[in-house]
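Beneath this line is the structure, given in structure tokens, with notes to follow.
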């Protein structure tokens, strides 16, 4: 998917939008995080922590809205933050390269937190 999206970005005639893009076309940076399916114990832990927690969809990633540590909301925020971190690392690693900027990390959920595997 990342390769396909990178090809779409590369094939677009950016200079038609603005001639300054001719020398500096946009490049795609993607951070990917793959999380293994939580164990039954972890799913039960998250369901218990999520019980009774009501957060509007537009507030689920708002850091000013408190969520229970280890809840599905907390872990989703951590996964997104980790993907962002990997994207910025890839961007720094491949700076100046014509290649797509892609970084990936694999994690699992253990004891209510993310563990790199």
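Cβ contacts < 8 Å: first residue under 21 Å from residue 36 (Cβ atoms), restricted to segment 75-94; second residue at pLDDT 85 or above and assigned to a helix (DSSP H, G or I), any location; separation 6+ or different chain. Result?
What qualifies is 75/46.
Any idea how many residues of segment 11-40 are closer than 18 Å to residue 91 by Cα and touching a residue at least 60 places away in the same chain (Cβ under 8 Å)?
Within segment 11-40, residues that are closer than 18 Å to residue 91 by Cα and touching a residue at least 60 places away in the same chain (Cβ under 8 Å) number 7.
Considering only segment 8-23, I want to know if a residue exists there that is crowded, with 16+ Cβ neighbours inside 10 Å and either modelled with pLDDT under 85 or within 19 Å of the chain's Cα centre (by Cα) (or both).
For segment 8-23, residues crowded, with 16+ Cβ neighbours inside 10 Å and either modelled with pLDDT under 85 or within 19 Å of the chain's Cα centre (by Cα) (or both): absent.
Could you say whether any residue in segment 13-25 is in contact with a helix residue (DSSP H, G or I) (Cβ under 7 Å, 6 or more places away or on another chain), more than 19 Å from residue 104 (Cβ to Cβ) and in a loop (DSSP other than H, G, I, E, B)?
yes
Could you please let me know if residue 2 is at pLDDT 90 or above and within 26 Å of residue 87 (Cα to Cα)?
Judged against the criteria, residue 2 is not a match.
The values are calculated or read from the model by the stated rules, or taken from the named source; none is laboratory data. Remember, predicted model here, so these are calculated numbers, not experimental data. So basically every Cβ, Gly included, is an ideal-geometry build from the backbone, and we count neighbours across all protein chains shown.
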